[in-house]
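Reviewing the structure listed below.
The values are calculated or read from the model by the stated rules, or taken from the named source; none is laboratory data. Keep in mind that what you see is a predicted model, and the values were worked out from it rather than measured. Ideal geometry is used to build each Cβ from the backbone, glycine not excepted, and the neighbour counts take in all protein chains shown.
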Amino acid sequence: MFSEVLDGVFKISVRGRDKEELLEISKVMNLGLDIEEMTRIRDYFSEIGRDPYDVELYGLAQAWSEHCSYKSSKRFLRKYLLSIGEVFLREDSGLREFDSEYYYVAAMESHNHPSAVEPYGGA
């Protein structure tokens, strides 16, 4: 599945891999990608006729991580936070008026990889 093409640079064989093999690649590389995401990657690289380099998979894993894309919490943000009336939003936080005396502040910061692997170093 892995072939070194330069010193420390690997090409990852995803084309023609079944679901179990794709999940194994995600697990071994600590990508945190599910089968739908790995299948999309396989299909894309099959379409362009080559396998990805390890750095490409790490880049996709980071872009699609919870930290960057809020993939598991997006539906709750849409339903509960973004659907309410007036909100003062700023990166990673929001302020919502409750009544004439009180406001709610909602803040969110999430991490996936590398925090899942290295919790003290963080993402």
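Quick look at the values:
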{"quantity": "Total residues in region 1-58, condition under 22 Å from Ser72 (Cβ atoms) and of a type in the set (Ser, Thr, Tyr)", "calculated": "3"}
{"quantity": "Residue within region 28-51 that is modelled with pLDDT of 70 or more, touching a strand residue (DSSP E or B) at 6+ places or on another chain (Cβ under 9 Å) and assigned to a strand (DSSP E or B) present", "calculated": "no"}
{"quantity": "Test: residue in region 9-23 that is within 21 Å of the chain's Cα centre (by Cα) and among the acidic types (Asp, Glu)", "calculated": "yes"}
{"quantity": "Subset tally (residues that are of a type in the set (Val, Ile, Thr) and crowded, with 18+ Cβ neighbours inside 10 Å) for region 3-31", "calculated": "3"}
{"quantity": "Filter result (farther than 19 Å from Val5 by Cβ and without any contact (Cβ under 8 Å) to a residue 12 or more places away in the chain) within region 22-58", "calculated": "Lys27, Asp34, Glu36, Arg40, Asp43, Tyr44, Glu47"}
